[in-house]
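For reference, the structure discussed in these notes is given below.
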Amino acid sequence: MQSEFPEGFLWGGATAANQFEGGYLEGGKGLSTADVMTSGEHGVPREITNGIMDDRHYPSHEAVGHYRRFEEDIELFGELGFKCYRLSINWTRIFPNGDEAEPNEEGLRYYDEVFDACLRRNIEPLVTLSHFETPLGLLKYGSWTNRQVVDFFLRYCETVFNRYKSKVTRWITFNEINVMSTKPWMAGGVDSDEEQVRMTAAYHQFLASAKAVRLAHQINPANKVGMMYAGHFSYPHSCDPEDVQRHDEFMHKMLFYCDVQCRGRYPAYKLKEFEREGITLPIEAGDEETLRQGTVDFLSFSYYLTHVVGKETSLVMKGLNGVKTGYANPHLPTSEWGWAINPLGLRHALNVLYDRYQIPLMIVENGLGAVDRVEEDGSVHDGCRIDYLRDHIREMRKAIQLDGVEVWGYTMWSPIDIISASTGEMKKRYGLIYADVDDQGGGTFKRIRKDSFHWYKKVIASNGADL
Ligand code: BGP
């Protein structure tokens with residue numbers, strides 16, 4: 001069997017600390033924005049609370065207990081044959097409140113051990129610096145609406161770039177940075193529907209990311225730093241030019257985040273929109289240069305679903321629930337959570353991004369959130385998940401092979417079942433490995449290899465030839 005994937009292709013899986021680790025106050029850790037979000041019921045958005053001193057349910061507090069079980073979990077990743085493991089450093093393990101002068105040694109030591117466990121198995125870590133884990137302690141500054149937070153972030157970056165210089169060379173600054181337009185609390189501890197507030201916070205994240213890129217290169221010229229786009233891609237509802245125009249506007253709202261980070265400047269369409277809406281950016285001398293010099297080395301993105309946008313779509317994106325366009329796609333099946341499953345759309349997405357930016361791409365999240373059942377004999381048959389992953393990998397292969405798109409790797413979401421970011425539920429499972437934890441945080445925490453585990457292992461061993 002001939003593989004059509006490049007040699008050294010980075011196969012693996014991706015997680016986020018706040019959804020995976022648990023141990024939310026262990027090892028000197030402080031609270032992050034994710035730690036004060038309750039679970040929502042099926043389809044109901046999560047709720048932001050003031051803290052931990054009430055009895056509402058916070059599923060991420062213990063998550064699936066990876067904090068204490070990382071050796072066992074990474075052993076399973078080794079068994080899968082992972083080449084790459086995308087994880088986030090939880091900022092609040094390193095700087096518990098975000099603004100300390102000195103880092104928390106216990107937190108630093110923890111990730112040393114995690115990276116060592118990966119490297120012993122020849123798994124390359126790919127580290128997200130901020131995956132919905134802004135320290136709650138930065139809220140008193142106004143979080144990302146305040147420019148001072150850029151400096152706090154840089155202090156954190158400098159600390160981890162130096163500390164893990166010999167262990168990590170691939171980094172992502174902000175997970176799904178465009179979530180600032182849809183769920184700003186998750187993206188950066190900003191709870192506001194006002195576009196001015198969101199755009200100010202996004203501006204500071206752009207600056208922080210650009211500065212982090214330069215700093216990473218200075219500290220270790222081998223460092224590669226990427227951005228991460230929440231893969232929102234859409235189709236016009238019809239060929240009515242009005243629908244197409246709305247679709248274009250929607251894509252602009254999302255893709256401008258990539259434009260800034262890949263091209264180093266705000267696109268003209270965004271500046272014109274700001275002018276019309278009376279939105280101003282807190283630009284200081286030298287900022288334009290900073291953005292120009294801090295473009296990313298690669299573009300990574302998540303891909304789960306596609307949208308349909310048309311005349312009826314309201315482009316005001318509000319609240320915790322994110323994007324709702326008002327249309328379904330009659331040509332596509334949906335997941336149990338209503339997400340339109342569209343493998344061919346992944347080929348399209350890869351082409352859109354590569355045509356536009358001409359830099360290497362990475363798919364750093366892709367997977368099926370579904371309810372799984374453990375059979376009497378302890379097995380989990382998740383054929384739907386295998387189909388989902390296989391169909392998407394096939395389309396990725398076409399983008400590489402037939403369209404010439406440069407793709408560095410594919411880290412599926414997520415190798416082990418973890419807490420859902422949008423709903424806080426446990427029953428929305430993505431794993432190749434089942435974690436025996438329920439929506440109330442009960443269970444044995446035991447890991448069980450699902451059918452998809454054995455399938456993905458073969459895919460990696462054959463470098464994608466055996467799908
Ligand atoms: C992305 C996030 C992840 C994640 C995934 C799946 O938006 O980067 O953190 O969880 O989506 O979404 P969910 O968990 O809501 O099903």
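Filtering the stretch 237-245 for residues that are touching a residue at least 24 places away in the same chain (Cβ under 8 Å) and closer than 22 Å to Glu288 by Cα leaves an empty set.
Evaluated against (1) within 16 Å of the ligand (Cβ to nearest atom); (2) out of contact with any Ser or Thr (no Cβ under 7 Å at 6 or more places or on another chain); (3) at positive phi, Lys427 falls short on exactly one condition, (3).
Since Ser420 meets every condition but one in (1) under 21 Å from the mean Cα position of the chain (by Cα); (2) part of a helix (DSSP H, G or I); (3) more than 21 Å from Gly81 (Cβ to Cβ), which condition does it not meet? Here Ser420 meets the rest and fails (2). Scanning the stretch 126-146 for residues that are within 16 Å of the ligand (Cβ to nearest atom) and among the hydroxyl-bearing types (Ser, Thr, Tyr) gives Thr128, Ser130, Thr134. Of the candidates Phe256, Phe250, Phe233, the single residue that is in contact with a Lys or Arg (Cβ under 6 Å, 6 or more places away or on another chain), surrounded by 16 or more Cβ atoms within 10 Å (Cβ to Cβ) and farther than 16 Å from Phe153 by Cα is Phe256. Filter the stretch 361-387 for residues that are under 19 Å from Asn342 (Cα atoms), away from the ligand (no atom under 12 Å from the Cβ) and of a type in the set (Gly, Ala, Ser) and give the result. Answer for the stretch 361-387, where residues must be under 19 Å from Asn342 (Cα atoms), away from the ligand (no atom under 12 Å from the Cβ) and of a type in the set (Gly, Ala, Ser): just Gly383.
Screening the candidates Ala212, Ala187, Ala216, Ala222 for the property of being closer than 20 Å to Arg86 by Cα and in a loop (DSSP other than H, G, I, E, B) yields one hit, Ala222.
Residues are listed down the side, and each one gets a yes or a no for (1) part of a helix (DSSP H, G or I); (2) within 30 Å of Lys450 (Cα to Cα); (3) of a type in the set (Gly, Ala, Ser):
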position	(1), (2), (3)
Gly22	no, yes, yes
Pro45	no, yes, no
Ser60	yes, yes, yes
Ala63	no, yes, yes
Arg69	yes, yes, no
Phe77	yes, yes, no
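Counting residues in the stretch 172-184 that are surrounded by 24 or more Cβ atoms within 10 Å (Cβ to Cβ), hydrophobic (A, V, I, L, M, F, W, C), away from the ligand (no atom under 16 Å from the Cβ) and in a helix (DSSP H, G or I) gives zero.
Checking each residue in the stretch 330-370 for being small (Gly, Ala, Ser) and in a helix (DSSP H, G or I) picks out Gly345, Ala349. From the list Ile341, Ile359, the lone residue that is modelled with pLDDT of 95 or more, touching a Pro at 6+ places or on another chain (Cβ under 9 Å) and either more than 26 Å from His204 (Cα to Cα) or buried (at least 16 other Cβ atoms within 10 Å of the Cβ) (or both) is Ile341. The set of residues in the stretch 406-423 that are in contact with a Leu (Cβ under 8 Å, 6 or more places away or on another chain) and surrounded by 20 or more Cβ atoms within 10 Å (Cβ to Cβ) comprises Val407, Trp408, Gly409, Tyr410, Thr411, Met412, Pro415, Ile416. When residues in the stretch 127-162 are screened for being more than 18 Å from Gly107 (Cα to Cα) and either in contact (Cβ under 8 Å) with a residue 40 or more places away in the chain or outside any helix (DSSP H, G or I) (or both), 11 of them pass.
The values are calculated or read from the model by the stated rules, or taken from the named source; none is laboratory data. Keep in mind that this is a model prediction, so the values were computed, not measured. All Cβ positions, even for glycine, are placed from backbone atoms using ideal geometry, and neighbour counts span all protein chains on display.
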